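Data first, discussion second: the structure below is written as structure tokens.
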Amino acid sequence: MTELLIALRETLGEKGVLEGEAVRSRQSSYWHRQPMQAQAILRPANSLELSACLRLCHAAGQAVIPLGGNTGLAEATASTAEHMMLSLERMQRIEAVDEVGRTMTVEAGAILQTVQERAAEAGLLFPVDLGARGSCTIGGMLATNAGGFSVMRYGMMRERVLGLEAVLADGTVISSLAGYLKNNTGYDLKQLFVGSEGTLGVISRAVLRLEELPTARTTAMIAVRSFDQMTALLKHLDRTANGALCAFEVMWNEFFLLNTGAHSEHSSPFAEAWPFYVLVEWQGSDEADLRQRFEQALGAAFEEDLLADAVIAQSLNEREALWAIREATEPEERYFGKTQGFDVSLAIRDMDAFVGRLQSDLAELDAHARLLVFGHLADGNLHLTVGMHEPWPSHEQVEQVVYGCVQAFAGAVSAEHGIGLEKKAWLPISRQPAELDLMRLLKRTLDPRGILNPGKIFDL
Ligand SMILES: Cc1cc2nc3c(=O)[nH]c(=O)nc-3n(C[C@H](O)[C@H](O)[C@H](O)COP(=O)(O)OP(=O)(O)OC[C@H]3O[C@@H](n4cnc5c(N)ncnc54)[C@H](O)[C@@H]3O)c2cc1C
């Protein structure tokens, strides 16, 4: 055992350092089932231990990879046998819920679902929600600035954090846990760590901003004839919702047909096929009032020719069945030999032309490739899946085509999943050289020995 590991064991105790099979028995990332590679998994039990452990690693020049639930989708926790993983799994405490101030103070290893449930017990809502809710942590979500289904109403993690404690590479604790909404006392340091993917500091605690818990929700699947009709529908529903519009999830027909067809256990609520579908949800506090206003809004949309057909969920089961169509990933896994996923941002007005051009560019590369498109229209965020059968083009060829289109439309190569290793080569498409220089300067200033998640986002 190295001197550093001995010192780490003394600092963190037996439970605080895992080695050998305890490391290899874990999966390396969400996408890759290979065993995790690392010298050890360090598991501090509180901020003091976290700080002490980073101080030791810093002195030894030991590279460390912060680890939450390992559900990130951009290979930002990828490691080699030389790295040490720094897991927050023993720091999951919910420290306080302030019902008046509508805040929750948590340790960064707290699991999203636990936070949501604890907020609900107090009649409050933690509104960032995503499919990985059972495993992803608040620290990981902050470090990736996660978004999810209700960003149009509640914002991303950046908007949901009022206070933050982070530990710098050398062990310095930067603590700003006051949790006021307004705090213009110099630079907003907490935002530096949000979206930094574990490269600038390790988030140890946070004060989260909660909302009143909606007690009523009404959901519909809507079929539309054209992209322009869909954007007009968004404006109409937002205008009439009085702040109740929480989800406007769009699906291009190929995505919808696959998720409701022979390879899926879900079925379409419509008798015929349409070019686009939208899953819409309003949330509020009065079931009858919400439903009446929702039905009126949909009726008016129909009369103004903003939709072709609509099905409103009549029960919780029906609501879940509609959401299952949007969230299903198994059909694409069953149908295609290989898939490649992308998460991009674009101006809403460019989306239709972007998808059209991408379809034709992909057809030139591989006549049998299929493009599945869905996403959060109001956020300017599309998720793209390229589905292929053998013989398929290389990973890089597909990336070249997709990111070539993103560049042509001045889009962002990552909307909500981050850069990690996966999109590192494509970052210059979305950021200016001067911006990248400033990012590197910040990295060198906060982590001069380059021990925190080295090689992720960009090279120094
Ligand atoms: C099924 C599924 C659905 C998803 N849906 C969405 C979605 O709708 N919207 C969306 O935005 N994302 C989505 N994601 C991805 C999302 O980014 C992650 O689920 C989550 O934000 C990462 O949390 P984690 O705890 O798993 O972090 P990890 O995967 O462990 O880590 C992610 C990054 O954060 C860093 N990190 C982790 N903890 C800390 C910490 N305490 N301090 C500093 N750095 C840290 C890591 O080093 C790494 O760079 C989805 C993922 C899955 C698997």
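In region 136-156, of all residues being more than 18 Å from Met91 (Cβ to Cβ) and more than 11 Å from the chain's Cα centre (by Cα), the one that is nearest to the ligand (Cβ to nearest atom) corresponds to Ser150. Only a single item in (1) at pLDDT below 95; (2) over 24 Å from the mean Cα position of the chain (by Cα); (3) not small (Gly, Ala, Ser) is not met by Leu181, and it is number (2).
Residues that are within 19 Å of the chain's Cα centre (by Cα), buried (at least 18 other Cβ atoms within 10 Å of the Cβ) and either part of a helix (DSSP H, G or I) or among the acidic types (Asp, Glu) (or both) within region 326-343 comprise Arg326, Asp343, listed in sequence order. For Ala369, the conditions (1) free of Cβ contacts under 8 Å to residues at least 60 places away in the same chain; (2) farther than 30 Å from Tyr403 by Cβ; (3) of a type in the set (A, V, I, L, M); (4) crowded, with 16+ Cβ neighbours inside 10 Å all hold with the exception of (2).
The single condition from (1) touching a Ser or Thr at 6+ places or on another chain (Cβ under 7 Å); (2) over 20 Å from Gly375 (Cβ atoms); (3) surrounded by 17 or more Cβ atoms within 10 Å (Cβ to Cβ) that Ser268 fails is (2).
Where the second residue is surrounded by fewer than 19 Cβ atoms within 10 Å (Cβ to Cβ) and among the hydrophobic types (A, V, I, L, M, F, W, C) and the first is assigned by TED's automatic domain parsing to the domain that holds Val194 and lies in region 147-163, which pairs have Cβ atoms under 6 Å and are six or more apart or on separate chains? Listed by first residue and then by second, the contacts come to Gly148/Leu130; Gly163/Leu177; Gly163/Ala178. Of the set (1) without any contact (Cβ under 8 Å) to a residue 12 or more places away in the chain; (2) part of a helix (DSSP H, G or I); (3) closer than 24 Å to Ala241 by Cα, all apply to Gln314 but (2). When you go through Ala262, Ala220 one by one, which is the residue that is over 30 Å from Lys182 (Cβ atoms), without any contact (Cβ under 8 Å) to a residue 40 or more places away in the chain and among the hydrophobic types (A, V, I, L, M, F, W, C)? None of the others qualify; the one that does is Ala262. Filtered by the rule that a residue be more than 8 Å from the ligand (Cβ to nearest atom) and among the hydrophobic types (A, V, I, L, M, F, W, C), region 55-85 gives Leu56, Cys57, Ala59, Ala60, Ala63, Val64, Ala78, Ala81, Met84, Met85.
Condition check for Gly72 on (1) out of contact with any helix residue (DSSP H, G or I) (no Cβ under 9 Å at 6 or more places or on another chain); (2) outside the structural domain of Gly139 (by TED's automatic domain parsing): one failure, at (1).
Screening region 95-122 for residues that are surrounded by fewer than 17 Cβ atoms within 10 Å (Cβ to Cβ) and more than 30 Å from Ala328 (Cα to Cα) and picking the one that is farthest from the ligand (Cβ to nearest atom) gives Val100.
Among the residues of region 19-66, those that are part of a strand (DSSP E or B) and surrounded by fewer than 20 Cβ atoms within 10 Å (Cβ to Cβ) comprise Gln27, Pro35.
The values are calculated or read from the model by the stated rules, or taken from the named source; none is laboratory data. Quantities reported herein were computed from a predicted structural model and do not represent experimental measurements. All Cβ positions, even for glycine, are placed from backbone atoms using ideal geometry, and neighbour counts span all protein chains on display.
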